[in-house]
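A quick write-up on the structure given underneath.
The values are calculated or read from the model by the stated rules, or taken from the named source; none is laboratory data. It should be emphasised that the depicted structure is a prediction, and the values quoted were computed from it without experimental measurement. Because the Cβ atoms are built from the backbone with ideal geometry, glycine has one as well, and the counts that use them run over all protein chains shown. Protein only, heavy atoms only, side chains kept; ligands, DNA and RNA dropped before computing areas. Shrake-Rupley method; radii C 1.70, N 1.55, O 1.52, S 1.80 Å.
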Amino acid sequence: MTDLFDTSTKDRPDAPRPLADRLRPKTLGEVIGQEQVLGPEAPLGVMLAAGSMGSLIFWGPPGVGKTTIARLLADETDLHFVQISAIFTGMPDLRKVFEAAKHRRANGQGTLLFVDEIHRFNKAQQDGFLPHMEDGTILLVGATTENPSFELNAAVLSRAQVLVLTRLTLADLERLAQRAERELGRELPLTGPAREALLEMADGDGRALLNLIEQVAAWKTDKKLTPDALGSRLMKRAVNYDKGGDEHYNLISALHKSVRGSDPDAALYWMARMLTGGEDPRFLARRITRMAVEDIGLADPQAHRVCLDAWETYERLGSPEGELALAQAVTYLALAPKSNAAYVAFKAAMAAAKKTGSEPPPKHILNAPTSLMQDQGYGDGYAYDHDAPDGFSGQTYFPDGMKRGVYYLPVERGFERELKKRTDYFANLRRKRHS
């Protein structure tokens, strides 16, 4: 009977095999890239040298070798390799996998269970791995493109080491292209710039590059193709961007920090990356407005208005013209003076409000519309600031017995430089009134 979960059997030699499959490394030493994981002093290198392998989670983008490395680890450790995908596997299938692994263990052979897209398993399914990991029935190697901290149970993470696999560099992709040419027995019909364009189209994905190379190698041409000719024959690969996943949050973080760091060029680049990935411009409009109130604040009160105007302009014009208004707002924010003083002050005031609970205001600043409230002293001693010679009474407005809080500390930048003069002025007057 055929084991549906046993992918260790060899393909029939007469079956056509894609280039990516034909070039699959036979040993870990043939893997291109990922030295931070595979090197002699890197985690896997150290584990293999010590002969002690634990469960692993490979976290990285598509096409960087997660499946290949898992398969080769099984070869290196003499474990039976079983591969499943969380997309197509349910609890009955998992029970069959675990039962087969128990039989192998009883016969003296361990099982390396490779779970692709492991983050797609729900909590109950992930919990199902735990007893079999703990008793040694399986050595789990999971692969995910999503942040394990958010997508995997803490119990699974505590029993596995997370290894981060990175996008292949252009140098890595060039090595892979040369390996493909040796396998094909001929060079690709591309000029130097066209070859560079092909590598960039792969966007760090080795499998995508080999698929592109396979298409190019099949073309019948008697001259080398230029970048324009290449682009007309190949559709550019879609960028790696998931509006609900890690890339979404990574890129908005990059945009926000570029604005905060006063770098308009980087800010425009990350905004463009998000838009080309299909991000909703309205999301960007909301986020840049948040940047204005959080990181610029009263250092440039106009920044908030610029963002709202850009948002309204986008709503009236739509794409792509309206996106220019958002780009102008991002540029303005990046070059505006920065201050988070109001943001910090508000957080400090919120913390103080939670700490003091329901302390009432002092009676002298309470209105007294009834005689009973007048009898209770409401409004007694209130000093009307407009009656003071300098328009400032210096009275206390915090609850009785509460130490005066100082939350807003304006910075010496932009309009807040003027506000700092004002807060210092009133602080000096207050000290005089109470001295």
message: Checking residue 199 against (1) open to solvent by 20 Å² or more (accessible area, probe 1.4 Å); (2) part of a helix (DSSP H, G or I): exactly one of these is not met. Which one?
response: (1)
field: Candidate set from the stretch 25-44 (those that are open to solvent by less than 20 Å² (accessible area, probe 1.4 Å) and either in a helix (DSSP H, G or I) or of a type in the set (Asp, Glu) (or both)); member that is farthest from residue 163 (Cα to Cα)
entry: 44
message: Can you report the number of residues in the stretch 338-372 which are part of a loop (DSSP other than H, G, I, E, B) and under 27 Å from the mean Cα position of the chain (by Cα)?
response: 3
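Filter the stretch 128-149 down to the residues that are over 19 Å from residue 77 (Cα atoms) and out of contact with any helix residue (DSSP H, G or I) (no Cβ under 7 Å at 6 or more places or on another chain) and list them by number. Spell out the reasoning first.
Taking the stretch 128-149 as the starting set, the residues that turn out to be over 19 Å from residue 77 (Cα atoms) are 128-131, 144-149.
The answer is 131, 145, 149.
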- prompt: Pick from 211, 147: which is modelled with pLDDT under 90, among the polar types (S, T, N, Q) and out of contact with any Pro (no Cβ under 7 Å at 6 or more places or on another chain)?
  reply: 147
- request: Go through the stretch 250-281 and count every residue that is in a helix (DSSP H, G or I) and either modelled with pLDDT under 80 or open to solvent by less than 60 Å² (accessible area, probe 1.4 Å) (or both).
  value: 16
statement: Only unsatisfied item for residue 319, checking (1) open to solvent by 30 Å² or more (accessible area, probe 1.4 Å); (2) farther than 12 Å from residue 333 by Cα; (3) in a helix (DSSP H, G or I); (4) touching a residue at least 24 places away in the same chain (Cβ under 8 Å), is (3)
task: State yes or no: is residue 363 at pLDDT 90 or above and either in contact with a Phe, Trp or Tyr (Cβ under 8 Å, 6 or more places away or on another chain) or buried (at least 16 other Cβ atoms within 10 Å of the Cβ) (or both)?
output: no
query: Of all residues in the stretch 109-156 being hydroxyl-bearing (Ser, Thr, Tyr) and assigned to a loop (DSSP other than H, G, I, E, B), which is surrounded by the fewest Cβ atoms within 10 Å (Cβ to Cβ)?
result: 145
message: List the residue pairs whose Cβ atoms are under 8 Å apart, where the first residue sits in the stretch 373-396 and is in a helix (DSSP H, G or I), the second is open to solvent by 100 Å² or more (accessible area, probe 1.4 Å), and the two are 6 or more positions apart or on different chains.
response: 373/367
message: For the stretch 56-98, give me each residue that is assigned to a loop (DSSP other than H, G, I, E, B), surrounded by 19 or more Cβ atoms within 10 Å (Cβ to Cβ) and touching a residue at least 40 places away in the same chain (Cβ under 8 Å).
response: 60, 63, 64, 65, 79
